[in-house]
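Visitor: Before anything else, here's the structure in question.
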Amino acid sequence: MPLSDAAVASLRALADWPDTSDSKYDILERIGRGGMGSVYLAHDRALDRRVAIKVVSLPEPPAGTGLAGERLTREARILAGLEHPGLVPVHDVGVLTDGRPYYVMKWIRGTRLDAYLQSPRTEAARLRIFARICDAIAFAHQAGVIHRDLTPANIMVGAFGEVLVLDWGLARIRLDRSGVSPVTTQPGTVMGTAGFMAPELAAGRSDASDERTDVYALGGLLEVLTQPPRGQFTPRPLAAIIAKARAASPADRYPAVEALASDVERYGAGDPVAAYREGPLEWASRHATRHQTAIVLVAVYIVIRVILLAFR
Amino acid sequence: MSKPVFGLILGGILGIFDGLSALVSAPEVAPQIVGIVIGSTFKGLITGVLIGYFARKVHSLPLGLLFGLVVGAVLAYGVVALQIAQGGKAYYLPIMLPGSVLGLIVGYATQRHNEHASEVADSR
Ligand SMILES: Nc1ncnc2c1ncn2[C@@H]1O[C@H](COP(=O)(O)OP(=O)(O)OP(=O)(O)O)[C@@H](O)[C@H]1O
């Protein structure tokens with residue numbers, strides 16, 4: 001008798017369910033699933049707290065010798081080396097009884113960015129989130145780590161507005177200060193997520209990836225974050241920032257995340273942006289919006305003068 | 001530039017224009033225009049420095065506007081009182097109304113001036 005798809009799926013899930021019986025963690029439920037593994041909510045008996053555990057999916061050769069296992073361990077070591085409020089702290093690494101490696105990290109109470117954006121948010125709130133993502137990525141870049149797979153599914157917005165960048169499984173280490181092995185992807189391997197993947201990655205030239213590869217993905221995130229409501233359009237300076245970040249050739253993009261972030265900040269503050277040359281009318285309307293109150297006050301003064309003149 | 005200095009300069013400039021506007025509103029005062037401009041400039045300087053000083057101490061747009069309005073009105077009232085004392089006619093509305101709005105303008109501008117820098121400098 002053939003098994004139904006549902007039955008196969010549940011058998012799979014059962015086999016995949018991590019056996020942590022010889023560790024101090026009790027797996028509670030699965031909270032996420034990605035290409036390389038699953039993330040579970042677990043209870044840490046020793047410290048009596050909730051944690052998140054990322055485990056490589058089966059089938060996986062024992063003792064973490066497989067590519068996915070290697071990558072997971074590498075991800076844990078990269079994350080452990082980067083301490084920043086925008087990056088998940090790693091608490092522990094280990095190996096399951098069936099030989100699959102796992103790592104334990106802080107459990108983030110929040111929503112994924114794609115889900116977060118389902119509810120209406122102000123532009124200021126969206127730009128704030130973007131600035132926080134940039135902070136975390138700029139920090140990683142300074143430590144010589146390129147993320148290479150920034151997508152809305154890899155960003156969590158916490159309950160207190162904190163923003164965390166997840167999934168460093170595809171990260172590339174530029175300057176090796178950490179002792180973590182450098183590039184592990186084979187040239188020619190296509191990795192990342194379409195739509196956010198820079199052309200140099202899509203072409204399989206992963207060795208050509210640098211800070212500007214993340215700038216490209218950040219441009220995609222900015223576009224998603226600032227999607228205008230139906231019937232409206234993206235303001236030109238913002239569209240120009242997005243276009244510059246997502247330029248096909250890395251040389252045409254912002255050279256670093258900081259440059260992109262400060263252009264977006266300027267846009268948010270109503271200042272002129274580097275990516276866009278505005279016309280005189282746009283200049284006037286930007287200033288008019290910005291100095292609205294002052295203009296109204298001066299107009300009131302003039303109107304009062306004119307009225308007084310009329311009723312002399 | 002500190003907020004009091006900014007207020008002083010803005011108040012002075014607005015004072016000059018306010019005085020010159022008498023040429024349009026009351027052309028018959030043309031012979032006394034120099035005295036009028038000096039007087040209104042002086043009033044503008046005092047308004048500006050008072051409101052600028054206030055803006056340095058109190059960081060609040062509504063309070064800044066209110067303080068500007070009151071200072072503008074009180075000083076304009078002073079001008080009216082001075083005119084009455086010199087035996088002139090009492091132009092309450094034509095002097096106090098624009099004076100109050102000028103106070104509002106200075107109040108707004110001094111609150112907004114150096115908004116970010118002042119937080120750092122003044123919190124020391
Ligand atoms: N620390 C955490 N706290 C809460 N939820 C988490 C945590 N880490 C991951 N998740 C959830 O699990 C999902 C998968 O995580 P992650 O992206 O790291 O896995 P992946 O297998 O590498 O995925 P991908 O296919 O994107 O490479 C995330 O989208 C997120 O919803």
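Visitor: Limited to the stretch B:3-27, what total is found for residues that are crowded, with 17+ Cβ neighbours inside 10 Å, under 10 Å from the mean Cα position of the chain (by Cα) and within 13 Å of chain A (Cβ to nearest Cβ)?
Guide: 4
Visitor: Looking at the stretch A:219-312, what helices (runs of 4 or more DSSP H) fall wholly within it and have at least 3 residues that are within 13 Å of chain B (Cβ to nearest Cβ)?
Guide: A:292-310
Visitor: Would it be correct to say that residue A:140 is over 21 Å from residue A:201 (Cα atoms) and not assigned by TED's automatic domain parsing to the domain that holds residue A:82?
Guide: Details: over 21 Å from residue A:201 (Cα atoms): no; not assigned by TED's automatic domain parsing to the domain that holds residue A:82: yes.
No.
Visitor: Take the residues in the stretch A:1-49 that are near the ligand (Cβ under 9 Å from one of its atoms) and of a type in the set (Lys, Arg), then tell me which one is surrounded by the fewest Cβ atoms within 10 Å (Cβ to Cβ).
Guide: If we take residues in the stretch A:1-49 being near the ligand (Cβ under 9 Å from one of its atoms) and of a type in the set (Lys, Arg), then A:33 is surrounded by the fewest Cβ atoms within 10 Å (Cβ to Cβ).
Visitor: Same structure, new question: When you scan the stretch A:80-99, do you find a residue that is in a helix (DSSP H, G or I) and closer than 25 Å to residue A:44 by Cα, even just one?
Guide: yes
Visitor: So, of the residues in the stretch A:101-116 that are in contact with a Pro (Cβ under 7 Å, 6 or more places away or on another chain) and open to solvent by less than 60 Å² (accessible area, probe 1.4 Å), which turns out to be farthest from the ligand (Cβ to nearest atom)?
Guide: Result: A:102.
Visitor: Okay, moving on. Restricting attention to the stretch A:117-128, and to residues there that are among the hydrophobic types (A, V, I, L, M, F, W, C) and away from the ligand (no atom under 16 Å from the Cβ), which single residue is farthest from the other protein chains (Cβ to nearest Cβ)?
Guide: That would be A:125.
Visitor: Here's another thing I want to ask about it. Given the criterion within 21 Å of residue B:91 (Cβ to Cβ) and out of contact with any Leu (no Cβ under 7 Å at 6 or more places or on another chain), identify the matching residue among B:40, B:25.
Guide: B:40
Visitor: Next up: Quick check, is residue B:100 touching a helix residue (DSSP H, G or I) at 6+ places or on another chain (Cβ under 7 Å), among the small types (Gly, Ala, Ser) and at pLDDT 90 or above?
Guide: yes
Visitor: Within the stretch A:133-160, restricting attention to residues that are more than 16 Å from the ligand (Cβ to nearest atom) and touching a residue at least 24 places away in the same chain (Cβ under 8 Å), which residue is surrounded by the most Cβ atoms within 10 Å (Cβ to Cβ)? Working first, answer last.
Guide: Filtering the stretch A:133-160 for residues more than 16 Å from the ligand (Cβ to nearest atom) gives A:134-135, A:138-139, A:141-144.
From the residues that got through so far, the ones that are touching a residue at least 24 places away in the same chain (Cβ under 8 Å) too are A:134-135, A:138-139, A:141, A:143-144.
Working: A:134: 24, A:135: 18, A:138: 21, A:139: 18, A:141: 20, A:143: 18, A:144: 17.
Per the stated criteria, the residue is A:134.
The values are calculated or read from the model by the stated rules, or taken from the named source; none is laboratory data. Small disclaimer: the values here were computed from a predicted structure and weren't measured. Quick reminder, even Gly has a Cβ in these numbers, built from the backbone with ideal geometry, and neighbours come from all protein chains shown. Accessible surface is based on the protein model in full, side chains and every heavy atom, while ligands, DNA and RNA are left aside. Shrake-Rupley method; radii C 1.70, N 1.55, O 1.52, S 1.80 Å.
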